[in-house]
Amino acid sequence: MQAVLCGYYGFGNGGDEALLASLLQMLPPDLTPIVLSHTPKLTETTYQVRAVDRWDTPAVIQAMRSSDYFILGGGSILQDVTSPRSLLYYSGLLWLAQRLGLKTVAWSQGLGPLNKSWSRRLVRHLLQGCDHLSVRDRNSAQLLASWSLLYTQTVDPVWALTGKVAHLPDLPRPRGAVVLRPHPDLTPERLSVLMEALGQFQRATEICLLLVPFQLPGDLALAQQVQQQLPGPSVVLELSDPRQLRGLFDTVEWTLAMRFHGVLMAAGAGCPVWGLSYDPKVKQLLQELDAPGLDLMDLPNAGRLTQLWLEHYANGEGLSETQRAWWLDRAQINQHILKDLRP
């Protein structure tokens, strides 16, 4: 049997690649994947699976006609904030899969935001036609409940992703990871505050800072800009394999993260994490983890920010083994869902 896997794959986004890696890790061995990817050759090389150009309509249709399942694979892809075209792309493929008679699965979705009435009607209609729905957070679950749809609530599958050891340069201890991303709310003024605070924090702790761009090349210039302003040891780490990204957080003592999966991977490694929220999904995750952080719009001055980081560095704790085991158990429900698909 074959399954077409669809998501924001092949764009160099570490979080979405981690979702793909988790899906492939959990997929039953007798279910052969075909990944729809922006860079199919790179996807094939990285994961040793067959991939199809997501923009090649005849190839996509052919892959669907030869498959038994269509899995919409995790993350915040059913939303209308980034672009209406993105929502129409995924909705169109889900509609096509249903018309072709494939069993369709919306797997570990983070639904929304869906701000437009037509977006909500479209997504509700298509999800009604799915053979199975699962969501990774309570807000998505509440939305499906309000639509009277049956679903399974899990957590993000990346909690269960197996990390790989990356070949890092010889870096001093202690180490901290910094995961930032460009965003309209990260104005030059706020970035200046962050860089000044990171400099003060590094002087006070003598920590080696690892700048980790999750989106390549999109986050790279920002990581390089921040590194240039740091007074102490630092390095920009370009890791394209999400399993190496996950493994990286086993080697650091503290993390500052904007990106959702930066927060999640650090927490999954038991590393104390301090979050900068630019999106409701990041804020919700920080609340669920009882981890400290601030909305990007609410940054204090550099001195106050440094003080908050120093207090967390000195006294903050990562998740305990018991807590991480709970998240892992919940994440493995995603695997059970995939096992239960087959007759």
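The values are calculated or read from the model by the stated rules, or taken from the named source; none is laboratory data. Keep in mind it's a predicted model, so treat the numbers as computed, not measured. Every residue, glycine as well, gets a Cβ built from its backbone with ideal geometry; the counts of neighbours run over all protein chains shown.
Every condition in (1) over 21 Å from the mean Cα position of the chain (by Cα); (2) surrounded by fewer than 20 Cβ atoms within 10 Å (Cβ to Cβ); (3) among the hydroxyl-bearing types (Ser, Thr, Tyr) is met by residue 39 except one, and the failing one is (1).
Taking the conditions exactly as written (among the hydroxyl-bearing types (Ser, Thr, Tyr), at pLDDT 95 or above and within 20 Å of residue 272 (Cβ to Cβ)), does residue 187 satisfy them or not? When the stated conditions are applied, residue 187 does not pass them.
Looking only at segment 36-59, filter to residues that are touching a residue at least 24 places away in the same chain (Cβ under 8 Å) and in contact with a Lys or Arg (Cβ under 7 Å, 6 or more places away or on another chain); which one of those is farthest from residue 216 (Cα to Cα)? It comes out as 36. Which of the residues spanning segment 261-281 are modelled with pLDDT of 95 or more and assigned to a helix (DSSP H, G or I)? 261, 262, 263, 264, 265, 266, 267, 268, listed by residue number.
Taking segment 282-299 as the range and being free of Cβ contacts under 8 Å to residues at least 40 places away in the same chain, not in a helix (DSSP H, G or I) and either not assigned by TED's automatic domain parsing to the domain that holds residue 194 or not acidic (Asp, Glu) (or both) as the test, the residues that pass are 291, 292, 293, 294.
Contact map, segment 227-249: residues that are at negative phi paired with residues that are charged (D, E, K, R), Cβ distance under 6 Å, separation 6+ or inter-chain. Pairs shown: 231/203; 242/17; 243/164; 244/164; 247/164.
The rows are residues; the columns are (1) at pLDDT below 95; (2) of a type in the set (A, V, I, L, M); (3) under 23 Å from the mean Cα position of the chain (by Cα).
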| position | (1), (2), (3) |
| --- | --- |
| 90 | no, no, yes |
| 93 | no, yes, yes |
| 96 | no, yes, no |
| 103 | no, no, no |
| 106 | no, yes, yes |
| 114 | yes, yes, yes |
| 127 | no, yes, yes |
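Would you call residue 194 modelled with pLDDT under 95 and crowded, with 18+ Cβ neighbours inside 10 Å? Judged against the criteria, residue 194 is not a match. Being in contact (Cβ under 8 Å) with a residue 24 or more places away in the chain and either hydroxyl-bearing (Ser, Thr, Tyr) or outside the structural domain of residue 255 (by TED's automatic domain parsing) (or both) holds for only one residue in 187, 205, and it is 205. Inside segment 299-330, can you point out the residues that are among the hydrophobic types (A, V, I, L, M, F, W, C), over 26 Å from residue 207 (Cβ atoms) and either loosely packed, with under 13 Cβ neighbours inside 10 Å or touching a strand residue (DSSP E or B) at 6+ places or on another chain (Cβ under 9 Å) (or both)? Hit for segment 299-330 is 325, nothing else.
If you go through segment 140-180 and keep only what is in contact with a Leu (Cβ under 8 Å, 6 or more places away or on another chain), under 23 Å from residue 114 (Cα atoms) and crowded, with 18+ Cβ neighbours inside 10 Å, you end up with 140, 143, 144, 151, 156, 157.
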